[in-house]
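Colleague: Before I ask anything, here is the structure I am working with.
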Amino acid sequence: MELKLILESVLFSAQKPLSPAELRNVLSEAAEHSEDGTVKPFRKVKPDDLNAALEQLAKDHELAQRSYRLVCVAGSWQFVSQPEYAPWLKALVGEKMRPTRLSQPALETLAIIAYRQPLTRAEMEQIRGVSVDGVMQTLHERGLIEQVGRAEVAGRPMTYATTSLFLEYFGLRSLEELPAADELRRIPVQKPESLLTVEPGLATAPPEQLALSEGGGPKPEGNHQET
Amino acid sequence: MPMAEYKVQFEVFEGPLDLLLYLVKKEEVDIYEVNLTKIATQFIEYIELMRELDLEVAGEFVVMASTLMYIKSRELLPVDQQAQIEGEEEEEDPRWELIRQLVEYKKFKDAAAQLQTREAEQENIFPRLPARLEFEPATPPPRPEVSLFDLISAVSNVLKRFQLKDDARDIFEDKWTVSEKIERLRQAIAGDAPLKFSGLFEQTTSRTEVVVTFLALLELIRLKQIVVLQPTPFSEIEIRRAPAVAPAAAGSPYEPPNNPKST
């Protein structure tokens, strides 16, 4: 008996997404209640082996190009249909009961929280350049974010983070799966060597003159420097 | 009503950074290479336009306009003629701070767009929600019926919990009647999951309540509305809803004949 196929049968019949821990419980429970020699060996499966089997199973399904696939959302595994088949599934079960889509400001704020968590409102507003009070309330009500602590700065403001519902809502396995996670988590915006922003024709010096003398960049010629 | 009441919130742009990004995009240049003085002029033109259209201009826009004006004014002077404020020689280039903010904001705006795509995508993904599996047990169910003596010994264990502290206590009015407890029990076993015998008495606060609950249990067993099982010897007694065959159970909730207020 192959572990991944056992897992497949369990996930196929499960009424909710199952975490690796829950899957291991099923395996050990089955082994305890069975005298069958093929069941016993799966009493204690190493977490690594279990995860490998799950990944392999997901890959198998992907390669088989079925109308459904195995996904891991917020750490739990489940079978879901491929989006292309939505028209028929909608006809079958009706439109999914889903809350209204998030507004642009809500999505922007949520993106900032998702990548920079935990952070304070002030930090969000710093990035967005506008107040986030309204959208924060929406995100709270939708259960997508929560208060997680207080920042160790003056006034000890609340800090916020995303919930596991956030991962479920966007079908994400974990925060690591956010697009460009590494880049956005701490954006090191590289300072260019010079800023070419001077409008020609103005009574200004050529661009190099505005270069900040930090070294590395082309050193401006001395003709405009104070001598 | 004065016209001022009808001001429209200008919502096309989320904020000043959004408007700036739009202007940069219109220029078709990289953010790093954008001509901020030109953008500054356009930004202020937009704000003027918003004012003319009697749209409310949020404070953030005004703050940004002043930052842009400052940048523009700096650029109008050659570097060597710019006033150097004492002690601020290492002052950050205000253009840089603005560009840094724009780049950062742009990245999150892009990330938000990706989230939006995923959000729409999720609407087309249906999880498999199978019906609950109902296996017929291969072997006869290991459900030996529990005898009355088993039940009594189980309840006496529960009662021991109260014996110790019952020596001296306040006297409360007994709140429970058997018929109320019957209703409760019925609700508790409405689902398919079995109820543990001990779970039945978790909430009870007095000996009398235990006794009343126990009487309710016995009554329901007599009416064949519940079955009491012990899956394996010495394991905990389980209470389940009786298989739906009892025709007597139909109709109004059962009222015991003399509704004894327990004493």
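The values are calculated or read from the model by the stated rules, or taken from the named source; none is laboratory data. From a predicted model like this one, the values you see are computed outputs, not experimental measurements. Don't worry about glycine lacking a Cβ; one is built from the backbone with ideal geometry, like all the others, and counts go over all protein chains shown.
Colleague: Name the residue, out of A:137, A:126, that is without any contact (Cβ under 8 Å) to a residue 12 or more places away in the chain and more than 14 Å from every other protein chain (Cβ to nearest Cβ). Outline the logic, then answer.
Modeller: Details: A:126 fails: more than 14 Å from every other protein chain (Cβ to nearest Cβ).
After ruling out the rest, the residue left standing is A:137.
Colleague: Sticking with this one: Working carefully through the options A:122, A:114, find the one that is among the small types (Gly, Ala, Ser), in contact with a Ser or Thr (Cβ under 9 Å, 6 or more places away or on another chain) and not assigned by TED's automatic domain parsing to the domain that holds residue A:18.
Modeller: A:114
Colleague: Kindly check whether there is at least one residue in region B:168-188 that is surrounded by fewer than 17 Cβ atoms within 10 Å (Cβ to Cβ), at pLDDT 80 or above and among the hydrophobic types (A, V, I, L, M, F, W, C).
Modeller: Yes; the residues of region B:168-188 include at least one that is surrounded by fewer than 17 Cβ atoms within 10 Å (Cβ to Cβ), at pLDDT 80 or above and among the hydrophobic types (A, V, I, L, M, F, W, C).
Colleague: Among the residues of region A:65-75, which ones are over 24 Å from residue B:111 (Cβ atoms) and surrounded by 10 or more Cβ atoms within 10 Å (Cβ to Cβ)?
Modeller: Answer for region A:65-75, where residues must be over 24 Å from residue B:111 (Cβ atoms) and surrounded by 10 or more Cβ atoms within 10 Å (Cβ to Cβ): A:66, A:67, A:68, A:69, A:70.
Colleague: Might you check whether a residue that is in a helix (DSSP H, G or I), away from every other protein chain (no Cβ under 12 Å), modelled with pLDDT under 95 and under 25 Å from residue A:180 (Cα atoms) occurs anywhere in region A:61-69?
Modeller: yes
Residue by residue, here is whether (1) modelled with pLDDT under 80; (2) touching a strand residue (DSSP E or B) at 6+ places or on another chain (Cβ under 6 Å); (3) not assigned by TED's automatic domain parsing to the domain that holds residue B:199 holds:
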residue: B:219; (1), (2), (3): no, no, no
residue: B:228; (1), (2), (3): no, yes, no
residue: B:231; (1), (2), (3): yes, no, no
residue: B:236; (1), (2), (3): no, yes, no
residue: B:254; (1), (2), (3): yes, no, yes
residue: B:261; (1), (2), (3): yes, no, yes
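Colleague: Any residue in region A:70-99 that's among the hydroxyl-bearing types (Ser, Thr, Tyr): show its pairings with residues that are at pLDDT 85 or above at Cβ separation under 6 Å, as long as the two are six or more apart or on different chains.
Modeller: From region A:70-99, the pairs are A:76/A:17; A:76/A:18; A:76/A:19; A:81/A:68; A:81/A:89; A:81/B:126; A:85/A:67.
Colleague: Something else now. Does residue A:121 satisfy the criteria of being surrounded by fewer than 19 Cβ atoms within 10 Å (Cβ to Cβ), closer than 30 Å to residue B:19 by Cα and either touching a residue at least 40 places away in the same chain (Cβ under 8 Å) or touching a strand residue (DSSP E or B) at 6+ places or on another chain (Cβ under 9 Å) (or both)?
Modeller: Yes: the conditions hold for residue A:121.
Colleague: A further question follows. Of all the residues that make up region B:80-132, how many are modelled with pLDDT under 80 and more than 7 Å from every other protein chain (Cβ to nearest Cβ)?
Modeller: Result for region B:80-132: 14.
Colleague: Hey, another quick one. Of the residues A:91, A:111, which single one is surrounded by 13 or more Cβ atoms within 10 Å (Cβ to Cβ) and of a type outside the set (Val, Ile, Thr)?
Modeller: A:111
Colleague: What's the number of the only condition in (1) at pLDDT below 90; (2) buried (at least 16 other Cβ atoms within 10 Å of the Cβ) that residue A:134 fails to meet?
Modeller: All conditions pass for residue A:134, except number (2).
Colleague: Tell me, yes or no, whether region A:146-165 has at least one residue that is touching a residue at least 60 places away in the same chain (Cβ under 8 Å), within 11 Å of chain B (Cβ to nearest Cβ), more than 26 Å from residue B:63 (Cβ to Cβ) and in a helix (DSSP H, G or I).
Modeller: No - not one qualifying residue is present in region A:146-165.
Colleague: Does residue A:111 qualify as being under 16 Å from the mean Cα position of the chain (by Cα), within 14 Å of chain B (Cβ to nearest Cβ) and small (Gly, Ala, Ser)?
Modeller: Considered against the rule, which asks whether it is under 16 Å from the mean Cα position of the chain (by Cα), within 14 Å of chain B (Cβ to nearest Cβ) and small (Gly, Ala, Ser), residue A:111 comes out as yes.
Colleague: Checking residue A:23 against (1) among the hydrophobic types (A, V, I, L, M, F, W, C); (2) touching a residue at least 60 places away in the same chain (Cβ under 8 Å); (3) under 20 Å from residue A:164 (Cβ atoms); (4) part of a helix (DSSP H, G or I), which test does it fail?
Modeller: Failing condition for residue A:23: (2).
Colleague: Hey, another quick one. Given the structure, is residue A:104 within 8 Å of chain B (Cβ to nearest Cβ) and within 17 Å of residue A:164 (Cβ to Cβ)?
Modeller: Judged against the criteria, residue A:104 is not a match.
Colleague: Name the residues in region B:14-41 that are under 44 Å from the mean Cα position of the chain (by Cα), within 7 Å of chain A (Cβ to nearest Cβ) and touching a residue at least 24 places away in the same chain (Cβ under 8 Å), would you?
Modeller: B:15, B:16, B:17, B:32
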